[in-house]
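Each value in this text was obtained by applying a stated rule to the coordinates, not by laboratory testing. Keep in mind that what you see is a predicted model, and the values were worked out from it rather than measured. Because the Cβ atoms are built from the backbone with ideal geometry, glycine has one as well, and the counts that use them run over all protein chains shown.
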Amino acid sequence: MDHFDWSLPIKILDHGYIRLVDHMGSDDSVERSARVSYSGDKTVRSEKETKGLLRYLMKNGHTTPFESCTLTFEVKAPIFVYRQWHRHRTQSYNEISARYAVLPNEIYVPSKETIGKQSKLSKQARDIDNPNAIDYSELQMLSTVSELMRAHSVSCYKLYEKLIKYEVPRELARSVLPVATYSRMYTTMNLHNLYNFLRLRLHFHAQYEIRQYAKVILTIVRDLYPISTKAFEDFIISDKESFDI
Ligand SMILES: Cc1cc2nc3c(=O)[nH]c(=O)nc-3n(C[C@H](O)[C@H](O)[C@H](O)COP(=O)(O)OP(=O)(O)OC[C@H]3O[C@@H](n4cnc5c(N)ncnc54)[C@H](O)[C@@H]3O)c2cc1C
């Protein structure tokens, strides 16, 4: 089967994207690592046996064979998304430095459809996934909210530009930019830690914005590691009520 060219950026939110930069390994690599346990050999196995083994590993938490696959992504996302992403210590990151470079005028503004309302059930959540939480008349108000956020980001960026013009050091000038400002990073992770990231960031408890990135990553690993990822979906994130898939 032809694979989609995942090295092309997939657009996310208003200015963000994710693209696959590099990857190593396949379902076969997972199987090879696992079979060494009993001096087994990968090459003589049927697809049914591969499936059976990988599903057994996933179901029973025998996770190290999944670490034999590695992926690197380029991610462009708002800084507040990175604040959450960078909590995943088992990934390796390199991010643009606003001490070296002037950040472009790209600041995330949520559309009125994705603002939602502060959840009454959860202190950390917003009611965006529940269509009954917002009535049609409130959409006009949310449109105003979106415009207010846009106006604020425009004025922040104007001040940033002015400070740069006055030769204020870039490392200080950046402090007037909001956390919705876009940044760019490369992140590398192995497949086991990536599944942990997806388990946490596809959950409806995770913020809407980071979920959009997690969803694209899930699509990519479904394509690259189909047997492992099917096992992950069947055994780890099968509860459709809890996961945004
Ligand atoms: C919905 C949601 C809400 C959150 N809210 C908050 C919040 O309010 N405040 C906040 O600070 N964070 C919050 N977090 C971040 C969360 O606590 C984790 O830091 C983040 O999800 C990374 O998960 P992790 O530790 O499993 O990932 P990784 O850092 O990638 O670690 C993977 C696994 O490696 C092991 N590991 C890694 N480092 C260590 C270590 N030093 N010691 C022991 N074991 C280790 C653990 O088993 C861990 O599960 C939230 C996360 C989610 C998904």
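Within region 75-93, which residues are within 12 Å of the ligand (Cβ to nearest atom) and under 23 Å from Val109 (Cβ atoms)?
Arg83, Gln84, Trp85, His86
Screening Ser122, Ser146, Ser111 for residues that are under 29 Å from Ser242 (Cβ atoms), among the small types (Gly, Ala, Ser) and within 16 Å of the ligand (Cβ to nearest atom) leaves exactly one candidate, Ser122.
If the condition is being surrounded by fewer than 20 Cβ atoms within 10 Å (Cβ to Cβ) and within 13 Å of the ligand (Cβ to nearest atom), then region 212-227 contributes no residue at all. Looking at region 186-245, the helices (runs of 4 or more DSSP H) lying wholly inside it that each contain 2 or more residues that are among the basic types (Lys, Arg) sit at 191-201, 208-224. If the condition is being surrounded by fewer than 19 Cβ atoms within 10 Å (Cβ to Cβ) and hydrophobic (A, V, I, L, M, F, W, C), then region 13-24 contributes Val21, Met24. Restricted to region 1-114, the set of helices (runs of 4 or more DSSP H) holding at least 3 residues that are more than 20 Å from Val216 (Cα to Cα) and touching a residue at least 24 places away in the same chain (Cβ under 8 Å) comprises 27-35, 47-59.
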